[in-house]
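Written out below as structure tokens is the structure these notes cover.
The values are calculated or read from the model by the stated rules, or taken from the named source; none is laboratory data. Predicted, not measured: the structure shown is a model, and the values here were computed from it. Heads up, the Cβs are rebuilt from the backbone with ideal geometry, glycines too, and the neighbour counts pull from every protein chain shown.
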Amino acid sequence: MPQTHCLPCAPNGAAPEAAHITVRGLYKDFGGTVVYAGFDLDIPRGRFITVFGPNGCGKSTLINIIAGLIPHDRGRILFGGKGLAQTKIGYVFQNYREALFPWMSAFANIAYPLRLMRLARGERVDRVERLLAHLGVSIDLKLYPYQMSGGQQQLVSILRALVVEPEVLFLDEPFSALDYEMSLFMRDWLQRIFAETKTTTVLVSHDLEEAVYLADYVLLLSRRPARVADYRRVALPRPRGEAIFADPSYIEQKRHCLEVFQREVRAK
Amino acid sequence: MRLVRPLLGALGLIALWYLAVGAKVVDPALLPPPHAAAIALWKGMQGGKLYFDFLKTVQRTAYAIALASALAIPLGIVLGSSEKVYRSVEFVIDFFRSTPASAMFPLFLVIFGVGDRTKVYVAAFGAALVILFNVAYGVMNARKTRILAAKVMGASRWRVMRDVVLLESLPQTFVGLRSGVSLALVIVIVAEMFIGSTDGLGQRVFEAQQLFEMPDMYAAIFAAGALGYGLNLLFLLVEKRFVHWAGK
């Protein structure tokens with residue numbers, strides 16, 4: 001597999017890194033609306049990528065196509081040289097209420113992908129308990145989703161995505177349905193998970209503060225048909241806490257991203 | 001007070017009834033006092049003819065709803081899982097769903113004769129269409145996100161159907177079952193009145209009226225009411241137990 005450095009689709013402002021996911025020549029047309037026309041992208045391995053861009057530019061569409069939730073018209077997407085079918089992925093939806101199975105307890109929800117993998121009951125219990133212990137989560141697994149708070153439900157969704165130990169974790173605006181306080185808490189929890197697992201993570205965000213706070217790389221998209229407007233390294237040390245909001249280099253990164261974003265919004 | 005409140009309406013109705021009897025608003029032959037009806041109900045249900053007719057009606061309604069479910073639930077799942085197929089038969093289902101099932105009596109009589117079966121079949125026919133319609137809609141309206149979530153975790157089409165769509169359709173299926181059982185009861189009672197019956201609550205009401213045994217007639221009406229109420233309650237309890245997530 002030739003290493004793809006220094007392409008416009010690879011992150012700039014940083015030393016080149018080995019790509020985990022490569023997208024080449026992506027083309028997607030939604031009933032006459034061209035969302036992607038010859039789109040290329042490299043996503044480095046073991047990094048946290050956040051995707052940000054103007055409304056309706058196709059941020060979620062991008063991860064949905066990569067994760068195989070919606071088909072694409074043309075183009076090639078590889079995960080370390082493999083296809084999607086050979087790759088374990090985890091996906092977290094924005095709307096946890098509609099993504100969890102309300103007829104299953106929290107445990108059964110988290111263990112569902114393990115059932116699909118035909119693991120025995122004992123092994124499923126082991127895997128879920130190990131995951132919870134590893135991530136330091138304590139929730140009542142006997143509860144049904146509708147008995148839990150929104151934050152706990154999204155927590156269960158994320159655990160369900162993580163329990164298979166995915167190579168890539170996709171999250172589509174996972175915290176936007178939560179109140180601000182809860183989203184701050186979840187953000188930090190996700191950051192800790194990332195530090196623990198080093199799973200390649202791609203998170204779509206509509207909140208620039210969140211996007212820069214969480215990211216190793218912020219991917220800024222243009223209006224439709226989407227191009228990579230900028231793909232910036234955020235080299236701030238981890239773990240990041242509230243203090244970072246006052247950090248001059250965080251502020252500078254955010255200001256730059258906002259500038260690119262506004263340029264893209266005004267374009268055309 | 002909180003325990004009594006739900007009974008206030010019933011007590012009010014009985015009081016009103018006594019008032020009407022006392023004031024002779026209605027001919028006393030047509031409106032016996034409530035206690036006369038209550039005594040007739042009590043005696044009838046204590047192993048009298050009313051009890052036997054009550055059981056007959058329960059049995060017919062139960063057969064009808066069982067038959068309707070056995071046909072309509074699987075068919076509803078099949079039709080609902082393909083919106084295109086459902087759209088092509090939607091008109092037929094809606095048409096016959098809107099046709100009063102009592103209008104089908106003569107046809108069913110011609111086909112199945114005057115026996116017990118005919119009553120069950122007409123009731124099953126009416127209930128089946130209501131159940132079919134609700135099951136199909138339950139399946140069609142399964143949350144797309146939930147289906148996608150199962151797919152992205154690697155569930156096959158069959159697993160998505162079994163683990164997600166079927167459960168998603170359950171609350172709507174119960175709505176169909178409850179409407180179906182109410183309708184089946186209505187049809188069974190009407191059938192018992194008019195198509196060559198010798199038993200059943202419908203026949204009981206009709207016969208008491210013909211013989212001018214007014215307390216017996218009221219007793220049979222209340223027995224039918226209690227049956228309808230009880231069946232609905234039964235389905236609600238089963239639903240609460242098995243579809244605990246509905247509406248949450």
Please indicate, with yes or no, whether at least one residue in the range B:13-36 is crowded, with 17+ Cβ neighbours inside 10 Å, in contact (Cβ under 8 Å) with a residue 24 or more places away in the chain and in a helix (DSSP H, G or I). no
Any residue at all in the range B:169-184 that's within 14 Å of chain A (Cβ to nearest Cβ), among the hydrophobic types (A, V, I, L, M, F, W, C) and more than 30 Å from B:Tyr51 (Cα to Cα)? yes
Taking the range A:165-213 as the search range and keeping residues that are in contact with a strand residue (DSSP E or B) (Cβ under 6 Å, 6 or more places away or on another chain) and of a type in the set (Phe, Trp, Tyr), which one is surrounded by the most Cβ atoms within 10 Å (Cβ to Cβ)? A:Phe170
If you go through B:Val135, B:Val78, the only one that is more than 26 Å from B:Ile195 (Cβ to Cβ), modelled with pLDDT of 95 or more and more than 15 Å from the chain's Cα centre (by Cα) is B:Val135
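For every residue, the table says whether it meets (1) farther than 30 Å from A:Glu264 by Cβ; (2) of a type in the set (Ser, Thr, Tyr); (3) within 13 Å of chain B (Cβ to nearest Cβ).
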position	(1), (2), (3)
A:Gly122	yes, no, no
A:Leu132	yes, no, no
A:Ser149	yes, yes, no
A:Val156	yes, no, yes
A:Met186	no, no, no
A:Trp189	yes, no, no
A:Thr199	no, yes, no
A:Val204	no, no, no
What do you reckon, is A:Thr50 surrounded by 15 or more Cβ atoms within 10 Å (Cβ to Cβ), among the polar types (S, T, N, Q), at pLDDT 95 or above and under 23 Å from A:Thr199 (Cβ atoms)? yes
Inside the range A:160-176, can you point out the residues that are more than 14 Å from the chain's Cα centre (by Cα) and within 10 Å of A:Val92 (Cβ to Cβ)? A:Arg160
Against the definition (touching a residue at least 40 places away in the same chain (Cβ under 8 Å), more than 14 Å from chain B (Cβ to nearest Cβ) and β-branched (Val, Ile, Thr)), how does A:Ile77 come out, yes or no? yes
Helices (runs of 4 or more DSSP H) lying entirely in the range A:84-143 (those with 2 or more residues that are closer than 16 Å to A:Gln154 by Cα and at pLDDT below 95): A:96-99, A:121-135
